[in-house]
1. Does E100 satisfy the condition of being in contact (Cβ under 8 Å) with a residue 24 or more places away in the chain, more than 30 Å from Y35 (Cβ to Cβ) and among the acidic types (D, E)?
2. P167: surrounded by 12 or more Cβ atoms within 10 Å (Cβ to Cβ), free of Cβ contacts under 8 Å to residues at least 60 places away in the same chain, in contact with a Ser or Thr (Cβ under 7 Å, 6 or more places away or on another chain) and assigned by TED's automatic domain parsing to the domain that holds A38, yes or no?
3. Which of the following residues is among the charged types (D, E, K, R), in contact with a helix residue (DSSP H, G or I) (Cβ under 8 Å, 6 or more places away or on another chain) and in a helix (DSSP H, G or I): K22, K47, K16, K51?
4. State all residues of region 25-40 that are in a helix (DSSP H, G or I) and in contact (Cβ under 8 Å) with a residue 40 or more places away in the chain; if no residue qualifies, say none.
5. Can you confirm whether region 56-63 contains a residue that is among the acidic types (D, E) and loosely packed, with under 15 Cβ neighbours inside 10 Å?
Amino acid sequence: MPAEKEEAITFEYIRKIQRKEKYEAKLTQIPDDFYKKAREYLERKMKLAKKKGDNSTQRELSNVQGVLQDIYNRRETKILEKAVFSVRTGVPPQNLSKIEKKFFDQLTELLKYQRENTLNMLTKKSKGSKEKVKFKKVKFTQDIPEFVGSDMRKYGPFEPEQEAKIPSENAKLMIKSGNAEKVK
């Protein structure tokens, strides 16, 4: 018998995930097989709707589809934001399902490629010129793994409540994403 009880996919369970996604800024944890099980649940509902042929079952099916689409849209938006953040800071997101991890990896590769090409073109400087990097002191609000700063130096890892001076560009991103707070 498995140590962890697997939650059955029901309309209530799907709504619970939708509420979490709606009210939390970060990706919430979902089972790796959530999308597969949600599809199986939908198929069962479709068979029941055909069998019964009543309007209430059709409405229920339509509601489930709408909630699942909302969950996907919210998670997709968060993954896109996390991909941009990750490319800029090197901080990976948490709570991706296996299928979402693949999507995230593809996004970050594309973003890294585009970022590198565009920034290299825009920031070509004459030989010998050095740009001075500005730093900001921040206090981290959660665990942050090691990342490469905008000055191409490694920073971290950091723990919650830990303070550090990091490049201003990275500090702004960390503060905006809620991973850190500005220290005066």
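The values are calculated or read from the model by the stated rules, or taken from the named source; none is laboratory data. Just so we're clear, the structure is a prediction, and the values are computed from it rather than from any experiment. Please note: Cβ atoms are built from the backbone with ideal geometry, for glycine as well, and neighbour counts cover all protein chains shown.
1. Working: in contact (Cβ under 8 Å) with a residue 24 or more places away in the chain: yes; more than 30 Å from Y35 (Cβ to Cβ): no; among the acidic types (D, E): yes.
No.
2. On the way: surrounded by 12 or more Cβ atoms within 10 Å (Cβ to Cβ): yes; free of Cβ contacts under 8 Å to residues at least 60 places away in the same chain: yes; in contact with a Ser or Thr (Cβ under 7 Å, 6 or more places away or on another chain): yes; assigned by TED's automatic domain parsing to the domain that holds A38: no.
So P167 fails the test.
3. Within the list K22, K47, K16, K51, the selection yields K22.
4. So the first thing to find is which residues in region 25-40 are in a helix (DSSP H, G or I), and the list is 34-40.
F34, Y35, listed by residue number.
5. Restricting attention to region 56-63, the residues satisfying the condition of being among the acidic types (D, E) are 60.
So of that shortlist, the ones also loosely packed, with under 15 Cβ neighbours inside 10 Å come out as none.
There is no residue in region 56-63 that is among the acidic types (D, E) and loosely packed, with under 15 Cβ neighbours inside 10 Å.
For every residue, the table says whether it meets (1) surrounded by 11 or more Cβ atoms within 10 Å (Cβ to Cβ); (2) in contact (Cβ under 8 Å) with a residue 40 or more places away in the chain; (3) assigned to a strand (DSSP E or B).
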site: F85; (1), (2), (3): yes, yes, no
site: R88; (1), (2), (3): yes, yes, no
site: D105; (1), (2), (3): yes, no, no
site: N117; (1), (2), (3): no, no, no
site: P160; (1), (2), (3): yes, no, no
site: A171; (1), (2), (3): yes, no, no
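Here is a yes/no grid of residues against (1) touching a strand residue (DSSP E or B) at 6+ places or on another chain (Cβ under 8 Å); (2) at pLDDT 85 or above; (3) closer than 29 Å to P145 by Cβ:
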{"site": "K16", "(1), (2), (3)": "no, yes, no"}
{"site": "E21", "(1), (2), (3)": "no, yes, yes"}
{"site": "Y41", "(1), (2), (3)": "no, yes, no"}
{"site": "N55", "(1), (2), (3)": "no, no, no"}
{"site": "S62", "(1), (2), (3)": "no, yes, no"}
{"site": "K78", "(1), (2), (3)": "no, yes, yes"}
